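All remarks here apply to the structure that follows.
No lab work stands behind these numbers, since they all come straight from the coordinates. Please read these numbers as outputs of a predicted model, since none were measured by experiment. Using ideal geometry, Cβ is built from the backbone for each residue, glycine included, and neighbour counts are taken over all protein chains shown.
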Amino acid sequence: MNKKTLKDKLLPAWKDLISYFNVKEDLEPQNDIELSIRSGVSFKGAQLLTLIFAIFIASLGLNTNSVPVIIGAMLISPLMGPIIGMGLGIGIQDITLVKRSLKNISAAVIGSLLASALYFLISPLYDGASQLLARTSPSIYDVFVALFGGAAGILSIACKNKGQVLPGVAIATSLMPPLCTAGYGLATMQMHFFLGALYLFFTNMIFIFFATWIGVKLMGFKKVVYQNEKRARRIHLVAYSAVALTIGVSVYLTVVMINHNIFLDKASTFVENEMVFPNTQVLSHKEYVEKGKKYIDVTLIGEALPKDSLQLAMMNKLDSVGLGGTVLQIKQGFSLNKTELDDSRNADQFYQMLQNEIARRQIIVDSLRGVISARSQFADEASRLAPEIKVLFPAVRDIACATMLAASTDSLVTDTLNMVFVNSRQGISPAELKKLTEYLEVRLRKKNIHISVNPAGVPWPVKK
């Protein structure tokens with residue numbers, strides 16, 4: 001009885017929750033939805049010119065590395081039309097619409113590639129900026145963006161309250177920039193740009209039409225009357241194969257990307273934590289993967305370190321932190337080449353390091369000057385005190401002052417001694433020695449002065 005009561009309580013709540021996700025009441029009639037999608041499939045007249053304008057705007061945005069310009073090109077581009085049309089055609093088994101959509105999207109892709117390639121052929125020399133390079137590394141994340149973007153797109157077209165969803169979908173799925181990047185790769189004959197960007201575009205395209213296809217099925221669209229079941233199954237098989245292949249490649253590229261990012265993070269942490277030396281600093285470091293091989297390039301400035309022992313020690317540490325097999329290339333001192341100095345970031349770091357090193361050495365020089373001045377001043381006191389000592393202590397004929405460092409032979413203990421050497425033929429009584437010590441401590445303003453009377457082997461000055 002209790003279970004039945006609990007079920008009776010939960011069922012209305014569940015139905016109420018599900019009602020929030022029910023879109024059937026918001027949908028327009030199928031004929032109106034199809035008419036809206038079919039009208040955006042063709043690339044003729046104004047739509048073709050709009051596509052060409054969007055291509056040049058996106059190319060300019062990539063050329064100047066301007067995010068607002070690139071976003072503007074995404075909003076202008078009419079590329080979403082034939083892609084959504086393809087998904088609708090497969091969903092309702094309209095072979096004619098599928099063919100028409102494929103024809104138009106193929107023409108749009110070829111035209112976009114040619115237009116962007118033409119732009120980059122006549123544009124100033126350009127080595128690729130960050131926004132351009134970002135369009136050549138597709139991953140599984142691009143799959144999810146295109147899938148959810150396509151789902152939002154078909155839903156906004158099908159609903160009565162369309163809002164501003166399609167412009168957001170156009171920005172999120174980024175159809176234009178990859179085509180322009182592929183055109184750049186074609187113009188400069190750089191296949192990694194061309195193939196990577198083209199694959200990113202097809203990834204977005206496939207999952208937008210796949211999301212449209214699934215959306216059409218879930219919304220219960222009726223199939224066309226003149227359906228061909230055998231041909232429809234064949235098209236479905238091709239579509240499913242394309243989706244599965246794209247997902248497989250995207251997963252592989254994602255794994256590669258994640259491993260690459262893990263390496264970069266570990267390598268950077270290794271340099272910052274392990275390559276710390278007293279009088280040598282890391283000027284710059286670069287971590288990268290080339291042809292499957294991992295590299296860490298480090299430039300040091302300051303005191304030169306033993307190259308072989310440094311390399312061996314660092315290689316052992318690389319193994320201990322899971323970076324075994326990484327090629328470590330260390331440059332020291334001023335062995336920077338022109339390319340490295342042309343990098344403004346490296347140049348700024350280099351000059352800053354030089355200023356810091358000059359300041360550090362200046363502090364050392366000033367400190368040593370202070371020590372030398374103090375010691376020479378103490379040594380020079382002998383000539384100043386000699387006339388006074390002659391009057392106060394007639395038995396003393398010569399005097400010498402020196403600051404000396406005493407070291408123990410049994411340990412590493414050292415001490416600084418303030419020594420005064422006295423030459424007296426008649427010798428000095430203990431009372432006179434005490435009086436002389438007190439006098440020197442007052443005059444020299446130093447404590448613990450040690451007096452040595454008539455030390456052997458001292459070359460005292462001789463009157464000429």
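A Cβ-based charge dipole, computed about the Cα centre of the stretch 374-453 with Lys and Arg at +1 and Asp and Glu at -1, lands at about 240 debye.
Given R0 = 22 Å, the distance between the Cβ atoms of residue 107 and residue 36 translates into a calculated FRET efficiency of 0.55.
Gain on full extension, evaluated as 0.36 nm per residue between residue 423 and residue 224 minus their Cα-Cα distance, stands at 59.1 nm. Label-to-label distance for residue 121 and residue 313 is 5.8 nm, based on points extended 7 Å past Cα in the beta-carbon direction. R0 = 41 Å: FRET efficiency of residue 268 with residue 403, Cβ-based, nearest 0.05? FRET efficiency, residue 268 to residue 403: 0.25.
Residue pairs exceeding 29 angstrom between C-alpha atoms, taken from 103/291; 160/230; 286/307; 24/44; 44/230; 24/103: 103/291; 160/230; 24/44; 44/230; 24/103. Using C-alpha pairs below 8 Å separated by at least 6 residues, the relative contact order for the stretch 374-453 is 27 percent.
Segment residue 233..residue 359, full-extension length gain: 37.6 nm, with 0.36 nm per residue of separation and the alpha-carbon distance subtracted. When peptides 91-102, 256-267 are ranked by their average number of other Cβ atoms within 10 Å per residue, the highest-first order is 91-102, 256-267. Once the Cβ-Cβ distance of residue 189 and residue 297 is raised to the sixth power relative to R0 = 22 Å, the FRET efficiency obtained is 0.20. Length available on full extension from residue 434 to residue 288: 0.36 nm per residue minus the Cα-Cα distance, which gives 45.1 nm. In a simple Cβ point-charge model (Lys, Arg +1; Asp, Glu -1; nothing else charged), the stretch 184-341 has a dipole of about 1340 debye relative to its Cα centre.
Computed packing ranks the peptides 31-39, 308-316 as 31-39, 308-316, most packed first, by mean other Cβ atoms within 10 Å.
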